1. Divide by every residue of the chain the summed helix terms, -39500 (n - 2.57) for each DSSP H run of at least 4, and state the resulting mean residue ellipticity at 222 nm, rounded to the nearest 500 deg cm²/dmol.
2. If I compute Kirkwood radius over Cα pairs in Å from the structure I just sent, which labelled value in (1) 27.1; (2) 28.9; (3) 25.1 lines up?
3. Between region 237-276 and region 374-433, what's the alpha-carbon centroid distance in Å?
4. Over region 271-449, what is the relative contact order in whole percent, taking alpha-carbon pairs under 8 Å and six or more residues apart?
5. Give me the one-decimal nm value for the distance between modelled label points at residue 117 and residue 82, 7 Å along each residue's Cα-to-Cβ direction.
6. Could you give the angle, 0 to 90 degrees to the nearest 10, between helix 183-197's Cα long axis and the longest principal axis of the Cα atoms of the chain?
7. Working from Cα positions, state the angle (0 to 90°, nearest 10) between the long axis of helix 132-161 and the longest principal axis of the chain.
8. Do you know the relative contact order of the chain, to the nearest whole percent, from alpha carbon pairs under 8 angstrom that are 6+ apart?
């Protein structure tokens, strides 16, 4: 059996990789991500501040507000969009990527001439000339300029994606003395090296100062090649998913875009709230459902059994968050009775209350969320307990106990009940995930600042680091819960042996 659990633990790693890979890939391709939102808000701010149409050739070419290429590049790097999603095959040919970018830069003089022509045509339109003949020419020229700019930026992005592997090829361009490359090409290579190597010089400084820094670094550092094994590893680790997964294994959950704090610092204050409700709900479910299921099994077919089944199935059919909203309307001081608070984990003045007042305030804020939290579990656990006990009551060992003259109470509670608890005990492992993860919608309805509400808000605000970290924690807890369920099953039922 030890071998079985070792295999289960080992299989948890590829399962975890599969879960995170699917979730990460889906999130990367969902529209409206943090980068897109940042670009939209930045463009709106530029428009409102009057920075949009004051004569930039790029703005003229695009027909509206554009973000400087350097700013867009920094934003992509901040949000991790400067790398491919999964595998970074661009690093397999850094020299080719640099060469293509340099060839693209050769088109910039002609591109600037077309931008000047476009500006001239637009100026002629503004002085009242007949604009009909030149509209098609302007639109065609604008599209050509835009397409060429995007092509050059894509070539630059390919070089950036090569990271430090492109440094030797960039150094050849920056230190070129053959005269085959123009000044613009060399300066762009120098700028990329300064960013890649984090040299102590501003990009806006003069070219000679920047070139001196690059030459100084090249003189002090020997650029080495990369072996095939390292190349394969970097193909994975230089992608977005690989870089993120490596950080996760180093217990670095990243930094929240919404809170501007480390994700773990944001999360750790939410766990006690969700664990509080989860543990109370777990105790209540088992303490109510086990006696109720036993009594239903003993009184099977009676009016009590029928009436209680109707009640528990009605509760099962009502979503917890919907019941919570109804309870708040009825009992939260709205149109009906003011019995319970409208939400929250505690009152705002909780710190200033006395000891017993604190306990009462906490209980007062707990009752409605717990009812909504566990309403669906009552039916499933009760019926599971009833059916399990009825199945054991029909076994031969129970009939043998009755034939020996044992009382019904002793047969049910001493012999049959213990074996009937096995299905409920094995579910403890799965419930751990619920205890830690909380409930997204119920915490939202009751405005409880727990782990579930944090996940809900991160989804709304597209805070991907928090979303992915929540998914990682839920996946780990779920996988460990499955293994724990098997352990409990094997521990309490001697008939079960995993091989």
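None of the figures in this text is laboratory data; all of them are computed from the coordinates on show. Everything numeric in this text was worked out from a predicted model, so none of it was measured. Every residue, glycine among them, receives a Cβ derived from its backbone with ideal geometry; neighbour counts consider all protein chains shown.
1. On the way: 24 runs with 349 residues, N = 499.
Mean residue ellipticity at 222 nm (helix-derived): -22500 deg cm²/dmol.
2. Checked against the structure: label (2).
3. 42
4. On the way: 179 pairs, mean separation 67.2, N = 179.
Contact order relative to length: 38 percent.
5. About 3.5 nm separates the two model spin labels.
6. The answer is roughly 30 degrees.
7. Orientation of helix 132-161: about 70 degrees from the principal axis.
8. On the way: 507 pairs, mean separation 84.7, N = 499.
Answer for the chain is 17 percent.
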